[in-house]
Structures are given as C-alpha cells and as structure tokens.
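A short worksheet on the structure shown next.
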Amino acid sequence: MSVVTRFAPSPTGYLHLGHAYAALLAHGIARERGGRFLLRLEDIDFGRCKPDYADAIEDDLSWLGIAWDGGVRRQSAHFDDYRAALARLEDMALIYPCFCTRADITAELQASVEAPHGPSGPVYPGTCRGLSAHERQARIRQGLSYALRLDVAKAQAAAGALFWEDEIKGPVEAAPTLHGDVVLARKDTPTSYHLAVTVDDALQGVTLVTRGEDLFAATDIHRLLQAVLGYSTPRYRHHRLLTDAAGRRFAKRDQAVTLRGLRAIGRTPSEVRAMAGFA
Ligand code: GLU
C-alpha cells in the first residue's frame, strides 16, 4: 500500500519556517515513497481562522515548490462528517453533554485536593459525567449550552490496550486516560481538534501522520477514537520542532520567519528550503 501523508495547518496566521519544515517533510516522504501528499486546512475555529491566511498557505506552499494531490480539504466544509462520528459515539454511549463553564471547572479543580494535570493541561474533573439522563434533558431544555465530552475510561475499557507505531520512537502504548474526558464538540463548534483530525485522517486514507512532537500526546486520544470508531490506524512520525538561534520555537506572530516575510525581503524558494533544513 503506498503511503499517504498530509500537511494540516490552521489558517490562523502566515506559515513560518517551522511549517515549511513540516510541509517539506510530509511532501518529501510522499514523493520519495511514491505516495500521495494531501493538504488540509484545519479551519474550525471561526474566531481565529481567516480566509486570507488560508489563501496565503496555498500560495506560500506553491511558491516553495510543494504541490499537493487532489483538492484541499477544509474542515469547515465537513461538519456533517464530524456530526456523523458523534452520532456513532452517542449510540455507543461514549459521549456526554458537559454544561460546565471554564470558571466551574477551575473552581472544581481548586477545591479538589489533588487536581491532576494531563499531557495537555488540567484534567476535567468529570463533573457532568454522572448526570442522570433526566437532568441532562432538563438542562438542554432550559437552553444551557454544552460541549460533548468523550468518556475516556469507558472507551478505553471497551477498546482494551492500544498501541501505535511511531517512525522515530517505535511502538508506543496509548495512554488516553491521562487526558481525562476530552472535548469532542465545543459549545460553539460542532467538533474539536481531536475529533476532526481523527475523522479526516480516516476519511482521507492517510497512512502516515507526520506532525510536530508537541502533538505526540494527542495521539493517545486519536488512537482511542480510531479504535471505537472502527478506523484503521495510520503510522506516525512526530518530528522535532524547528527553533531559532536562541532555541525558541517559531511563532506565527514572528514576521521575520514567516514565508511572507522571507519572500518580501527577496529570499528565493531554495534559500528558504535550505533555512528549513532541506537542501
Ligand atoms: N492543525 C494542527 C496545527 O496546525 C496540526 C494538526 C495535526 O497535524 O494533527 O498544529
């Protein structure tokens, strides 16, 4: 089976050298191994994503010499796919509505003796997990807004031990329960990063997920979702993050290293590829 890789930026700013590295890596692997390279725009956060940034991503990648196979998948055009996955999880009773506000969660965590910290921040204390069906319905009828959370312990119990293969680290056992009950649909958006990424990688037939090592722990959750939704599991390659001379990670707000900024001062595509570590 030939490899399918993808580059999946969020259009919340201009691409910088760190993105160039990630895109060149995924593109290069697909080309070397005779596979396909896909471009996906993770634009579910309407508050932060801008159409101009989406256009700039395509333009900057083309300028850099990166051509993607097929059309660009924009997550904002696929909410039905995420709703369908949520409906399946609902049928399996693996998700529940959570009415907590951020303030509720903070207060609950402050009140608990030991507020556990997961790989991506404080762990949700499970406040709404135990609400009765009656109470849930009553709150929904009252018009309270709610997120949908995954009952991670229940899903893990149903799935059993889960592993995935990282091309750099080797076999990894997924530890989703460390994250607590993550949000799969936000109050303001009918999906979340974890759900959209997992559904899209499955629907797009991605066989090798390349992404930064800052997302290594997120794979715990994605592997669990794959198991309960019956998706096949891609391989992963969590790569290092490029840093500047002072060892700081590049950020979209840092004009000096955006591809836009580098183009504006006359850098050529091959110079920028070299700056990103690709000769
Ligand atoms: N959209 C994510 C980002 O821009 C990457 C998602 C992924 O590769 O899984 O960091």
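So, in Å, what gap is there between the alpha-carbon centers of the range 1-73 and the range 145-207?
So the separation of the two Cα centres works out to 22 Å.
Give me D for the chain in µm² s⁻¹, whole number, from Stokes-Einstein with Rh from the Kirkwood sum over alpha-carbon pairs, 25 °C and 0.890 mPa s.
121 µm²/s
What base-10 log of the normalised intensity I(q)/I(0) is obtained for the range 127-233 from the Debye formula, alpha carbons as equal point scatterers, at q = 0.16 Å⁻¹?
-0.77
In debye, nearest 20: dipole of the range 164-242 around its Cα centre with unit charges on the Cβ of K, R (+) and D, E (-)?
100 debye
In Å, what is the Rg of the alpha-carbon atoms in the range 1-147, and how long is Dmax?
20.6, 57
Provide, for q = 0.21 Å⁻¹, the log10 of I(q)/I(0) from a solvent-free Debye sum over equal Cα point scatterers in the range 40-83.
Listed by q, the Debye log ratios stand at -0.76.
Please give the per residue accessible area of the chain, computed with a probe of 1.4 Å over protein heavy atoms only, in Å².
Value for the chain: 48 Å² per residue.
What do you get for GluC sites (Glu not before Pro) in the range 50-148 restricted to DSSP loop and a cutoff of at most 16 other Cβ within 10 Å of the site's Cβ? Could the numbers behind the result be given before it?
Details: sites: GLU58, GLU90, GLU108, GLU114, GLU135; in loops: GLU114.
Listed in order of number, the matching sites are GLU114.
Would you please state the base-10 log of I(q)/I(0) at q = 0.16 1/Å for the range 83-170, with intensities from the Debye formula using one equal scatterer on every alpha carbon?
-0.82
Please list, short to long, the whole-number percent of alpha-carbon pairs of the range 180-279 in consecutive 10 angstrom bins beginning at zero.
Percent of pairs per bin, in order: 12, 33, 27, 23, 5.
Rounded to the nearest 500, what is the chain's calculated 222 nm mean residue ellipticity when only DSSP H runs of at least 4 contribute -39500 (n - 2.57) each, over all residues?
Mean residue ellipticity, 222 nm, calculated: -11500 deg cm²/dmol.
Can you give the percent of C-alpha pairs in the range 8-73 whose distance is more than 20 Å?
Considering the range 8-73, 24 percent of its Cα-Cα pairs are separated by more than 20 Å.
Can you tell me which of 143-153, 237-247 comes out highest on packing, and rank the rest after it, using the mean Cβ neighbours within 10 Å?
Going by the mean number of other Cβ atoms within 10 Å, highest first, we get 143-153, 237-247.
With a 1.4 Å probe and every protein chain kept in, tell me what percent of the accessible surface of the chain is carbon plus sulfur.
Details: 6870 of 13420 Å².
Heavy-atom surface of the chain belonging to carbon and sulfur, 1.4 Å probe: 51 percent.
Just order 178-191, 202-215 by mean Cβ neighbour count inside 10 Å, highest at the front, would you?
Top to bottom by mean Cβ count within 10 Å: 178-191, 202-215.
If you fit an axis through the alpha-carbon atoms of helix 51-64 and take the longest principal axis of the Cα set of the chain, what angle between them do you get, 0 to 90°, nearest 10?
40 degrees
The values are calculated or read from the model by the stated rules, or taken from the named source; none is laboratory data. All of these numbers come straight from a predicted model, not from anything done at the bench. All Cβ positions, even for glycine, are placed from backbone atoms using ideal geometry, and neighbour counts span all protein chains on display. Surface accessibility is based on the protein's heavy atoms, side chains included, excluding ligands, DNA and RNA. Shrake-Rupley method; radii C 1.70, N 1.55, O 1.52, S 1.80 Å.
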